[in-house]
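Colleague: Sending over a structure as structure tokens; questions will come in a sec.
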């Protein structure tokens, strides 16, 4: 079962009489530093080629695609998921389930390379990392699930691109910077969530490893900042800057991640999973689990069978 995905608000589909093609019908909104493309497909197709001159952030809005990238095996691409594609890289796309009453809809946001460079320079100048590391957009970590913050930012950018206000370029520019920062933070968080390696190339690695090994030990902010040899204020800012969430929010997410693994063992009672994951109250555990996953622990377990 994947991490919970936050869906984007899908724009209205093109009226049937206005469609130019049934495969990847394209609507374009062009701004100063980005171009929003909305693609719709209404019939099953295979290996449809697509390439952009700029880096592209794509996100599924409706239906299902199968993406072929970098000579790797094709993978299902569904709503709530985002793929980053470097400039001049050709993707090939299958539409196995597309039809008139079940169209696919996907956005492709092409971003000017100068805007990307300006945003990374801004982060490195204003919020430099420790140990000589630099902020960067990782083109190799190209697939991830949308979290709430990322989905909210993308929805805001879609709205600005599609608006007809005189200030839309200025507002879209600010939101573009926010989106790029959210993506970089999402990639950092994914690297931690999907790795069991304590030697991650992050100054925060020791703290993350400590959290994972002590989920039942009543972790607090002071304890973590001491572990990082930083003041609580500096550590809080550093942690949230790197991962886009507070240390305590990360502790909760790790507890939920551990609980999901424990729920696979049908011999464990829900209360046992609760305490083994570091929660002291089963009602609170259920409430937090539902907040993160959208369903209760019991419902999650039923989906595993």
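The values are calculated or read from the model by the stated rules, or taken from the named source; none is laboratory data. Remember, it's a predicted structure, so these values are computed and weren't measured experimentally. Cβ sites come from the backbone with ideal geometry, for glycine too, and all protein chains shown count toward neighbours.
Colleague: Residue 90: in contact with a helix residue (DSSP H, G or I) (Cβ under 7 Å, 6 or more places away or on another chain) and surrounded by fewer than 16 Cβ atoms within 10 Å (Cβ to Cβ), yes or no?
Modeller: So residue 90 fails the test.
Colleague: Would you tally the residues in region 147-188 being in contact with a helix residue (DSSP H, G or I) (Cβ under 7 Å, 6 or more places away or on another chain) and either in the same structural domain as residue 245 (by TED's automatic domain parsing) or in a loop (DSSP other than H, G, I, E, B) (or both)?
Modeller: 1
Colleague: Can you find, within region 70-83, the residue that is farthest from the chain's Cα centre (by Cα) among those that are in a strand (DSSP E or B) and under 12 Å from residue 146 (Cα atoms)?
Modeller: Once the filter is applied, the top-ranked residue is 83.
Colleague: Restricted to region 126-149, and to residues that are in contact with a strand residue (DSSP E or B) (Cβ under 7 Å, 6 or more places away or on another chain) and surrounded by 15 or more Cβ atoms within 10 Å (Cβ to Cβ), which residue is farthest from residue 243 (Cα to Cα)?
Modeller: Selected residue: 142.
Colleague: Suppose the filter is in the same structural domain as residue 158 (by TED's automatic domain parsing), farther than 28 Å from residue 187 by Cβ and buried (at least 18 other Cβ atoms within 10 Å of the Cβ); does residue 97 pass it?
Modeller: No: the conditions fail for residue 97.
Colleague: Quick one: in region 113-141, which of the residues that are out of contact with any helix residue (DSSP H, G or I) (no Cβ under 9 Å at 6 or more places or on another chain) and in a loop (DSSP other than H, G, I, E, B) is modelled with the lowest pLDDT?
Modeller: Of everything passing the filter in region 113-141, 131 is modelled with the lowest pLDDT.
Let's see how each residue does on (1) within 20 Å of the chain's Cα centre (by Cα); (2) in a loop (DSSP other than H, G, I, E, B):
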{"site": "9", "(1), (2)": "yes, yes"}
{"site": "12", "(1), (2)": "no, yes"}
{"site": "21", "(1), (2)": "no, yes"}
{"site": "27", "(1), (2)": "no, no"}
{"site": "39", "(1), (2)": "no, no"}
{"site": "48", "(1), (2)": "no, no"}
{"site": "52", "(1), (2)": "no, yes"}
{"site": "57", "(1), (2)": "yes, no"}
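Rundown of residues vs (1) part of a helix (DSSP H, G or I); (2) under 27 Å from the mean Cα position of the chain (by Cα), yes/no style:
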| site | (1), (2) |
| --- | --- |
| 217 | no, no |
| 239 | yes, yes |
| 256 | yes, yes |
| 264 | no, yes |
| 292 | yes, yes |
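Colleague: Okay, moving on. At pLDDT below 90, touching a helix residue (DSSP H, G or I) at 6+ places or on another chain (Cβ under 6 Å) and either on the phi > 0 side of the Ramachandran plot or not assigned by TED's automatic domain parsing to the domain that holds residue 215 (or both) - does that describe any residue in region 288-305?
Modeller: No, there is no match, as no residue in region 288-305 is at pLDDT below 90, touching a helix residue (DSSP H, G or I) at 6+ places or on another chain (Cβ under 6 Å) and either on the phi > 0 side of the Ramachandran plot or not assigned by TED's automatic domain parsing to the domain that holds residue 215 (or both).
Colleague: Could you grab me the full set of residues in region 32-56 that are under 30 Å from residue 177 (Cβ atoms) and in contact with a strand residue (DSSP E or B) (Cβ under 6 Å, 6 or more places away or on another chain)?
Modeller: Across region 32-56, the qualifying residues are 34, 35, 36, 37, 38, 39, 40, 50, 52, 54, 55, 56.
Colleague: Of the residues 248, 204, 270, only one is at pLDDT 85 or above and surrounded by 15 or more Cβ atoms within 10 Å (Cβ to Cβ); which?
Modeller: So the residue among 248, 204, 270 that is at pLDDT 85 or above and surrounded by 15 or more Cβ atoms within 10 Å (Cβ to Cβ) is 270.
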